[in-house]
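S.K.: One structure coming up, written as structure tokens, with questions to follow.
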Amino acid sequence: MAILSKKDSKLILDPLADNNPITIQVLGICSALAITAQLKPSIVMAISVIFVMGVGNIVISLMRNIIPSKIRIIVQLVVVATLVIIVDQVLKAFAYSLSKELSVFIGLIITNCIIMGRFEAFALGNGVWRSFLDGVGNALGYGVILIIVGFFRELLGSGTLFGFKVLGDPVEKSGLYAIGYENNGFMVLPPMALIVVGIIIWVQRSKNKALIEEN
């Protein structure tokens, strides 16, 4: 017997491919530009958003019938701000150096339009279980893009992964350079994150022509 029904599975799988919040809906792009120069912050940000969206969707779903419509946005902001504060305090307690590296960007999860969009579009109208799956699915779709971008930016920009040297520097022999890799400093600059995301979008649409918008 399947653990998840077909409809429930779709809530998890769709945001990973044909309904990705970054490559299809073009949401939450700011963090992809800001924190993906290294792989480790990208993974931590992805995990943080999974926690905030999963738990946040549960809370909003539980409260959906008692939240006055006039203040629903304020309530949603309070919920996401509380969860972000929890994430921030946990990082400061167990990964202080990484917390300093992410600094203000953890706080900016509060304004991430993916989270507020799923609260408004899904959690307010669906039950707890499906809301949880929707939150986790969209957060995974967001996180996968961040990790891919962080992987290539750190690898090609610094020649490292998780801070460990992966690509060796060229070695000069008799005026010629032997096989090696010269770090591409442009890769660690914020504009390169947008270019990498653009390449991912191009690859995705090349594989699925239905995603290409007709003029």
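S.K.: For the stretch 15-208, give the magnitude of the charge dipole about the Cα centre (Cβ charges: +1 Lys/Arg, -1 Asp/Glu; no others), in debye to the nearest 20.
M.R.: Details: 13 positive and 9 negative charges, 91 e Å.
Once rounded to the nearest 20, the dipole reads 440 debye.
S.K.: Still on this structure, please answer the following. In a shell of Cβ-Cβ distance under 13 Å around Ala193, excluding Ala193 itself, what net charge do Lys and Arg (+1) and Asp and Glu (-1) give?
M.R.: Working: positive: Arg153; negative: Glu154.
Neighbourhood net charge equals 0.
S.K.: Also, I was wondering about something else. If amide H atoms are built 1.01 Å from N in the plane of the peptide, which residues on other chains or at least 5 residues away come under 5 Å of the amide H of Leu161?
M.R.: Val166
S.K.: What is the total of Lys pairs in the stretch 15-208 with C-alpha atoms under 21 Å apart, excluding same-chain pairs fewer than 8 positions apart?
M.R.: Numbers: Lys40/Lys92; Lys40/Lys100; Lys40/Lys165; Lys92/Lys100.
Here the count comes out as 4.
S.K.: Calculate one ³J(HN,Hα) per residue across the stretch 183-198 by plugging θ = phi - 60° into the Karplus curve 6.51 cos²θ - 1.76 cosθ + 1.60, and present them in order as whole Hz with x for glycine and proline.
M.R.: Per residue, the Karplus-derived 3J(HN,Hα) values read 4, 9, x, 5, 5, 8, 7, x, x, 5, 4, 5, 5, 5, 4, x Hz.
S.K.: Another question, if that's okay. Can you give the angle from 0 to 90° between the axis of helix 39-63 and the longest principal axis of the chain, with both taken from C-alpha atoms, to the nearest 10?
M.R.: 0
S.K.: Something else: With the Cα gyration tensor of the chain giving a ≥ b ≥ c as the square roots of its eigenvalues, does the rule (a/c under 1.5 for rounded; else a/b larger than b/c for prolate; else oblate) give rounded, prolate or oblate? Intermediate results must be reported in sequence, preceding the final value.
M.R.: Values: a/c = 2.50, a/b = 1.68, b/c = 1.49.
Because a/c hits 1.5 or more and a/b exceeds b/c, the chain counts as prolate.
S.K.: Which of the listed residues, Ile43, Trp129, Leu91, is farthest toward the dipole's positive end in the chain, when Lys, Arg count +1 and Asp, Glu count -1 at the beta-carbon?
M.R.: The residue sitting farthest along the positive end of the dipole is Trp129.
S.K.: A follow-up question, please. Angle check, please: helix 128-158 long axis (alpha carbons) against the longest principal axis of the chain (alpha carbons), in degrees 0 to 90, nearest 10.
M.R.: Result, in degrees: 10.
S.K.: Using +1 at the Cβ of each Lys and Arg and -1 at the Cβ of each Asp and Glu in the chain, identify which of Cys30, Ile145, Gln76 lies farthest towards the dipole's positive end.
M.R.: Ranked along the dipole, the leading option is Gln76.
S.K.: Which value, in debye to the nearest 20, gives the size of the charge dipole of the stretch 1-109 about its Cα centre, when Lys and Arg are +1 and Asp and Glu are -1 at the Cβ?
M.R.: 260
Quick note: the coordinates plus some simple rules give every number you see, no bench work behind them. Owing to the predicted nature of the structure, the values given are computational and were not obtained by experimental measurement. Glycine also receives a Cβ, built like all others from the backbone with ideal geometry; neighbour counts cover every protein chain displayed.
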